[in-house]
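The structure appears below as structure tokens.
Please treat every number below as a calculation from the coordinates, not as lab data. Just so you know, these numbers come straight off a predicted model, no measurement behind them. Cβ atoms come from the backbone with ideal geometry, glycine included; neighbour counts cover every protein chain shown.
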Amino acid sequence: MPSIPSSTELEILDFVRDRLGCGLSLIPADCSSADLHDALSNLGCTITPSECTDCTDLVYCAEYEPLVIDLDPSRSFATISLSNFEDCKLSLVAVLDGSASVTRNLLRCAIEAYQLTLEIKSCNTALEESAIQLAQSFEEQNWLRGFARNATCFTSVSSANDVATGILAPLGYLLRAQDVFLLVEPEETERSGLTSTKFGSSSFSLETLLGLFHELGIYPLSPPVVRNNLTTQTADGMISSIICVSIANSGQSFGHLVAINRTTTALSDGLPVYDPEFGSGDVGLLEEAAVLLSTQAHNIHLLVQSNQLFLGTLHAMSSAIDARDRYTQGHSERVARLSYDLSRVLGLSDEACQENYLAGILHDIGKIGIPDSVLLKNGPLTDEEFSIIQQHPEIGHRIVEQLGHLQFVLPGVLYHHERWDGKGYPHQLAGQSIPLMARIMAVADAFDAMTSSRPYRSAMPVEKASSIIINGAAQQWDADIVDCFKIWVTQRLQEIPSDHPQNQSIIAEGSPVEHIVQAVMALCH
């Protein structure tokens, strides 16, 4: 009985046929000469019985490299086993015009091309999953930052419910739950005004949830409870899963946070739900909410954690860009650090200095949309290629503007290539119309670019790069920023050791914002 090709074998057959432009067939490795003769005849290939016998022996011996023999000066027979691929047992055979060496190379290249398509598909799948995880991390981090910003509202009894609403309303989406309930002890309601509330549009009532507590072993100060695969029928409907954590502070119970009915379908924004059950990660989200609702003593700690996650994400995003080109690795970090240092010399507030640092981290994020052939070119750019590079500020602006909590970096991302004389890009802004953040970053970006090596040139000496910056005051760069740069470069040259490598940047290493976060954490502990 003839073997039936698998879907993968048929896919390989079509793939190789499209690339070689010849007839191909799939046969078992233990086929008879007659089977092979019939298969090739069906493809319109003429082959003698003696040739068929030799070819059958070749099929039997075929492995993962093509085996080829010359049939005559103008034709050759080729075969390769497909058993190296999942769900494949058959061998691929063909009679092609050309010598054995040419045929072997053609068939090998076609099979390798198919392997590459599988690897590309796998990489694309991994990228999609990473993008989903990154998007969810941004959502959770933005939520945690909202926690910290709203913590002080708990000092006002009248606004406690407003703060709870702001904190808990997004939980249903983050947990992929049908409803989220805040169940408050009567004593806490009397003391703070915080009341029991449901966040969701289902018919489940607070009383229904309270009625389940005894059945599920939930009591004041009880450890987290997670129940999946339930079939609990209530007057309001079926509960298939539930997660509950206590709200407590210093051993005093304030109530519980509860989420029910984990969704198993894709969300409205298209993000798939990989885990249909509540798990430890969901417990963590509810516990974070419970901590903030019970006390504001953890406010600083939560904010610091959020900032660390936030900075880590920014560094990861900028590193992904820098990693595309080994000659620009660390560029974003150096531009960020120099922007921060220049901001300090200029006398800006701590908040503005930190914002300029974070903007520097992301200033080149738009280069993710620039083709490698242009971004990684080993030589000067043509006019057409330079016009492509000039698109990266607007690409970066479009990326970052979708991240609501990063709006403050947009001026730096979009305008860091504008010039004081109006000859920059993308909008040819001039003078004071260029945002201060971008004017600072323009000096930092130019200095690091000049003092960094490129495939087609060595790093420029600090003295020469500094001279170019200084001579470009009031033409390419803001003269006030250039004055700050002169102060900075003088101080740095005094600070660095005499044996500092000539090919190493003089910009200080390390993140000043991370140092600030570590200092706050030390105070908290």
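What the table shows:
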item: Computed magnitude of the charge dipole of region 7-116 (debye, nearest 20; Cβ of K, R +1, Cβ of D, E -1); result: 260 debye
item: Highest-first arrangement of 409-420, 69-80, 459-470, where packing means the average Cβ count within 10 Å; result: 409-420, 69-80, 459-470
item: Packing-based order for 251-258, 116-123, using average beta carbon neighbours within 10 Å, highest first; result: 251-258, 116-123
item: Which of SER50, SER32, ALA113, positive extreme of dipole for region 7-116 (C-beta unit charges); result: ALA113
item: Simple spin-label estimate for GLU394 and THR208 in nanometres, 7 Å along Cα-Cβ; result: 5.3 nm
item: Amide H within-cut-off set for ASN249, under 5 Å, with H built and near neighbours excluded; result: PHE254
item: Partner lysines for LYS423 [C-alpha distance under 28 Å; skip if fewer than 8 residues away on the same chain]; result: LYS367, LYS377, LYS464, LYS486
item: For SER122, net neighbour charge (Lys/Arg +1, Asp/Glu -1) across residues whose Cβ lies under 13 Å away; result: -3
item: Inter-label distance, nm, simple model (7 Å from Cα along the C-beta direction), GLN491/GLN432; result: 2.6 nm
item: Karplus (6.51, -1.76, 1.60) ³J(HN,Hα), θ = phi - 60°, over region 437-444, in Hz, Gly and Pro reported as x; result: 4, 6, 5, 5, 5, 4, 5, 4
item: Sorted by Cβ neighbour density within 10 Å, fewest at the top, the residues ARG176, ARG344; result: ARG344, ARG176
item: GLU63-LEU376 pseudo-label distance in nm [points 7 Å out on the Cα-to-Cβ vector]; result: 3.3 nm
